[in-house]
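Working notes, structure below.
The values are calculated or read from the model by the stated rules, or taken from the named source; none is laboratory data. The structure presented is a predicted model; accordingly, all values stated were derived computationally and were not measured. Glycine gets a Cβ as well: all are built from the backbone with ideal geometry, and neighbour counts include every protein chain shown. All accessible areas refer to the heavy atoms of the entire protein, side chains included, with ligands and DNA or RNA removed. Shrake-Rupley method; radii C 1.70, N 1.55, O 1.52, S 1.80 Å.
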Amino acid sequence: MTHSIRTQVAIVGAGPAGLLLGQLLHKAGIDAVMVERQSPDYVLGRIRAGVLEQVTMDLLDEAGVGARMHRDGLVHSGFDMLFAGQRHRVDLAALTGGQNVMVYGQTEVTRDLMDARTQAGLPSYYEAQDVQVLDFDTDHPRVWFQKDGESYEIACDFIAGCDGFHGICRASVPRAAIKEFEKVYPFGWLGVLSDTPPVHHELIYVNSERGFALCSQRSATRSRYYLQVPMTDTLDQWSDDAFWAELRLRLDPQARADLVTGASIEKSIAPLRSFVTEPMRFGRLFLAGDAAHIVPPTGAKGLNLAASDVKYLSQALQDFYLERSQAGIEAYSGRCLRRIWRAERFSWWFTTLMHQFPTDTAIDARLKEAELDYLMHSQAGLRSIAENYIGLPLNFGSPAASTPAF
Ligand code: RFL
Ligand code: PHB
């Protein structure tokens, strides 16, 4: 027997993109059903992003889930850059007219959104198997899946493909209709989460002769550190002791002295990739978040881009249902892509500048140091980093915004 479900929007994927979309649509009175392949605990167990832009904070507020973020999140008005053994501060607030970022983990964002969805009693199907998106080139798209040995079919007006890089939505689009742009970097990030106080009250991005490192955090008592490692490395090569020893070697004497080490509570290696899909809408199927694009994490843009896609998408769907206008739907892909390419450029540039590539020779290292030296001693250079890091405004690239703010 097949269970038949009818809704306005079927959301595939319950990561931050899908959950945030569900919440924004709910606020606007638009029905949505969510389908997720994994269990809620599995989704919450993935340790990922840590830095939220103002645009993302505003969206979480708009979705009615910002309270815990404002209470427990850490407002950061700058970060440090360490290269050639010296630390330099990028004063985000001073360089951008008072803008900050928020350090608040993706796990917490996801938990807040999940809780709000449960409290509102909105329909979600976790541990869905063999999810398929069908007929999205017609006015009657469908999502089909199996759960606990039974079949389900969702008849809907639109499908939101929020199912991440390895999802089925992008893969279901005919190859001739889609163009993919991709660059895979020849290294990964080895990440460690530990219940130790952060080495510094702000983040430290490190360019060292031994490769990139990042000192980040989740709270006053929980740290997140990353090391650039070859993609051929495996986790069994990296005991906690080996991790801390290598991190120490990439830090300056002050940070080395301040570093508190402890047992890791999570350890993983993430590949680094730049990837964009064009377009992001195929008939009545929209792609949003990592389903459509990936940035290397150096610029902290991935989750923030997912949030801005979702803002444009929820606006487009509100235009459709509340104003009977197709304008937002037609503009969706172009609006998203302009902002995405700007963030892709920044993430690629910042990654290239801060990491060592296997093909780099002595001159590349010196050139990168010289560029960093220039950037840290030029108001224009500092401002360029700061305004990209805090994120582009949402109306960037919209027809109304004839003059981009940056
Ligand atoms: P997600 O989070 O991958 O969620 C997709 C969801 O879809 C489900 N799914 C399916 N569901 C149904 N049917 C199927 N066939 C399905 N296939 C998959 C998956 O189970 C999952 O639950 O994508 P979303 O929502 O677009 O969110 C994107 C963000 O997760 C991602 O961009 C960020 O984590 C990237 N990122 C960072 N972003 C930032 O903005 N700031 C940061 O500081 C930052 N740091 C990071 C990062 C990513 C990292 N890794 C591990 C890649 C640091 C790291 C190390
Ligand atoms: C993190 O805390 O996980 C984090 C912070 C900044 C980045 C990437 C990841 O650029």
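The figures follow:
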| read-out | value |
| --- | --- |
| So T110, is it within 16 Å of ligand 2 (Cβ to nearest atom) and open to solvent by less than 50 Å² (accessible area, probe 1.4 Å) | yes |
| Count - residues of segment 195-212 that are within 19 Å of the chain's Cα centre (by Cα) and more than 17 Å from G78 (Cα to Cα) | 0 |
| Sole exception among (1) under 23 Å from S314 (Cα atoms); (2) of a type outside the set (S, T, N, Q); (3) away from ligand 2 (no atom under 16 Å from the Cβ) for G98, by number | (1) |
| Whichever residue in segment 1-59 is within 15 Å of K311 (Cβ to Cβ) and among the acidic types (D, E) and, among such residues, is surrounded by the fewest Cβ atoms within 10 Å (Cβ to Cβ) | D58 |
| Count - residues of segment 295-304 that are more than 7 Å from ligand 1 (Cβ to nearest atom) and open to solvent by 10 Å² or more (accessible area, probe 1.4 Å) | 1 |
| Identity of the residue in segment 42-60, modelled with pLDDT under 95 and among the charged types (D, E, K, R), that ends up farthest from ligand 1 (Cβ to nearest atom) | R46 |
| Strands (runs of 3 or more DSSP E) fully within segment 189-243 counting 1 or more residues that are within 12 Å of ligand 2 (Cβ to nearest atom), open to solvent by 20 Å² or more (accessible area, probe 1.4 Å) and under 20 Å from V260 (Cα atoms) | 211-219, 222-229 |
| Hey, P404 touching a Phe, Trp or Tyr at 6+ places or on another chain (Cβ under 8 Å), open to solvent by 40 Å² or more (accessible area, probe 1.4 Å), of a type outside the set (D, E, K, R) and at pLDDT below 95 or not | yes |
| Residue match in segment 316-323 (condition: within 13 Å of ligand 1 (Cβ to nearest atom) and crowded, with 24+ Cβ neighbours inside 10 Å) | no |
| Residue in segment 122-138 that is touching a Phe, Trp or Tyr at 6+ places or on another chain (Cβ under 7 Å), on the phi > 0 side of the Ramachandran plot and without any contact (Cβ under 8 Å) to a residue 60 or more places away in the chain present | yes |
| Qualifying helices (runs of 4 or more DSSP H) (wholly inside segment 52-136; at least 2 residues being closer than 30 Å to A380 by Cα) | 54-62, 92-95 |
| Positions within segment 276-302 being of a type outside the set (V, I, T) and touching a Ser or Thr at 6+ places or on another chain (Cβ under 7 Å), in sequence order | P279, M280, R281, L287, A292, H293, P296, G299, K301 |
| Options G85, G105, G97: the member that is open to solvent by less than 40 Å² (accessible area, probe 1.4 Å) and either away from ligand 1 (no atom under 16 Å from the Cβ) or out of contact with any Cys (no Cβ under 9 Å at 6 or more places or on another chain) (or both) | G105 |
| Every residue from segment 14-36 that is farther than 17 Å from A155 by Cα, assigned to a loop (DSSP other than H, G, I, E, B) and within 19 Å of the chain's Cα centre (by Cα) | A14, G15 |
| Enumeration of residues in segment 349-370 that are assigned to a helix (DSSP H, G or I) and buried (at least 18 other Cβ atoms within 10 Å of the Cβ) | F350, T351, L353, M354, K368 |
| Residues of segment 292-308 classified as away from ligand 2 (no atom under 13 Å from the Cβ) and in contact with a Phe, Trp or Tyr (Cβ under 7 Å, 6 or more places away or on another chain), total | 2 |
| Residue list for segment 159-177, restricted to those being open to solvent by 20 Å² or more (accessible area, probe 1.4 Å), aliphatic (A, V, I, L, M) and closer than 29 Å to R6 by Cβ | I168, A171, A177 |
| Any hit, segment 252-272, residues being within 23 Å of G50 (Cα to Cα), assigned to a helix (DSSP H, G or I) and touching a helix residue (DSSP H, G or I) at 6+ places or on another chain (Cβ under 9 Å) | yes |
| Pick from segment 383-399, criterion part of a helix (DSSP H, G or I) and open to solvent by less than 20 Å² (accessible area, probe 1.4 Å), ranking: farthest from R87 (Cα to Cα) | I390 |
| Any hit, segment 270-287, residues being near ligand 1 (Cβ under 9 Å from one of its atoms), of a type outside the set (F, W, Y), more than 13 Å from the chain's Cα centre (by Cα) and open to solvent by 40 Å² or more (accessible area, probe 1.4 Å) | yes |
| Test: residue in segment 144-153 that is assigned to a loop (DSSP other than H, G, I, E, B) and either modelled with pLDDT under 95 or away from ligand 2 (no atom under 16 Å from the Cβ) (or both) | yes |
